[in-house]
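So the structure is just underneath, and the comments pick up after that.
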Amino acid sequence: MGGRGRQQAGGGSWSLILPLLLLLLPPYAPLAASQYTVSPTSTESGAWVGVENNTVVNVKAQLGYTAFLPCSVRMIGDKQISWIRRRDWHVLTSGVFTYTNDERFSITHRDGADDWTLSIKYLQERDNGTYECHISTGTGIVSQFVNLNVIVPEAFILGNSEYHVETGSPINLFCIIEQTPIPPQMISWKHNGRLLNYDKERGGVSVTINNGAKTSSRLIISNANTSDSGNYTCVAPNTRPAVVHVFVSQGDKTAAIQRRTSGSQSVFGARGRLWAALPALFSLLWATSSATQLLL
């Protein structure tokens, strides 16, 4: 009897101590529920972790390629990340959803990740400008800005805008592609809109491409004739083209043009001297007329 009484007394003491121990232990919470929480130092009116209000990031991307606009935010709770194009205040994305008919825009985000990257494929010049990534809070908006600079490569043909050559001489043109973070793999030459790179009908056409520090190309057309006159264009993908006007002429025709030019200049020179002498002639006529009237 005494033993059973002591066991019951011991069991009663554990029933009092166990609840106290459970109160001292930290509460259990599943990991999934703690993925998005507000920083202990943040409040509804403060900045969210990973976001400094009104920060600016500059991004450069080449025309025709894809631009990646970064926005990294941690512990956003139940808030939504939105991307806005500042040019027209168009809401492009909210959360993982896209709100534009332009399929070039998309949002990249993995569950539990910090990055909310806005991607713009097949860049166009009009995509240049400022984009805003923001979170709406109870007391305002916390924003990050990305300035997108769309780089447009440009072709330049060395020399003047006109190229003169006599029949039988070669046409030799040299083109350089500027502002190309990603060098073009192909440069094309056209004559009056017709592709010359693989021209076998004309013959004597040579196109070479050099992928050095600056991508360049040389066009050589041997034994030029008058039909080779016209506009020559150097162009690469997603690049502003360059144009030069080629004039192929025979030597005697060139001399005749020079003679006509010099002859016209001499005529204009004689006319110029005549106009310069007119005031003196009018003065002489007026003086003669006055003298005649006095004599009468």
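The values are calculated or read from the model by the stated rules, or taken from the named source; none is laboratory data. Keep in mind it's a predicted model, so treat the numbers as computed, not measured. Methodologically, a virtual Cβ is constructed for each residue, glycine included, from the backbone with ideal geometry; neighbour enumeration extends over all protein chains shown. Just so you know, the surface numbers come from the protein's heavy atoms only, side chains and all, with ligands and any DNA or RNA stripped out. Shrake-Rupley method; radii C 1.70, N 1.55, O 1.52, S 1.80 Å.
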Could you provide, to the nearest whole Å², the per residue accessible area of the range 90-181 with probe 1.4 Å? 51 Å²
In whole Å, what are the Cα extents of the range 141-183 along the three principal axes, biggest one first? 71, 19, 10
Projected-area mean, the range 53-199, by convex hull of Cα positions, square nanometres: 12.9 nm²
Run through all the Cα pairs of the range 111-198 and give the fraction in each 5 Å bin from 0, expressed as whole percent. 2, 8, 12, 14, 13, 11, 8, 7, 6, 5, 5, 3, 2, 1, 1, 0
Modelled FRET efficiency - R0 25 Å, R87 with R110, Cβ distances, 0.05 increments: 0.30
Over the Cα atoms of the range 156-224, what radius of gyration and what Dmax do you get, in Å? 12.8, 40
Provide the gained length on full extension for the span T208 to N58, in nm with one decimal, where the gain is 0.36 nm per separating residue minus the Cα-Cα distance. 50.3 nm
Nearest 0.05, what FRET efficiency do D102 and H245 give at R0 = 30 Å with Cβ-Cβ as r? 0.20
In sequence order, calculated HN-Hα J values of the range 208-225 (Karplus, 6.51, -1.76, 1.60; Hz; x Gly/Pro): 10, 10, 10, 9, x, 4, 10, 5, 9, 8, 10, 10, 10, 10, 7, 6, 5, 10
Applied in sequence order to the range 116-121, the curve 6.51 cos²θ - 1.76 cosθ + 1.60 (Karplus, θ = phi - 60°) yields integer Hz couplings, x standing for Gly and Pro, of 10, 8, 8, 10, 10, 8
Kindly sort D78, D115, D199 by accessible area of their heavy atoms, largest first, with the probe set to 1.4 Å. D78, D115, D199
To the nearest 0.05, the calculated FRET efficiency linking N172 and Y122 through their beta-carbon distance, R0 being 22 Å, is 0.05
Given Cβ point charges of +1 (Lys, Arg) and -1 (Asp, Glu) and nothing else, what value in debye, to the nearest 20, does the dipole of the range 109-228 about its Cα centre take? 380 debye
If each of L195 and Y65 carries a label point 7 Å out from its Cα toward its Cβ, how far apart are those two points in nm? 2.4 nm
Filtered chymotrypsin sites (Phe, Trp or Tyr not before Pro), the range 69-153: DSSP coil and at most 15 other beta carbons within 10 Å: W89, Y99, Y122
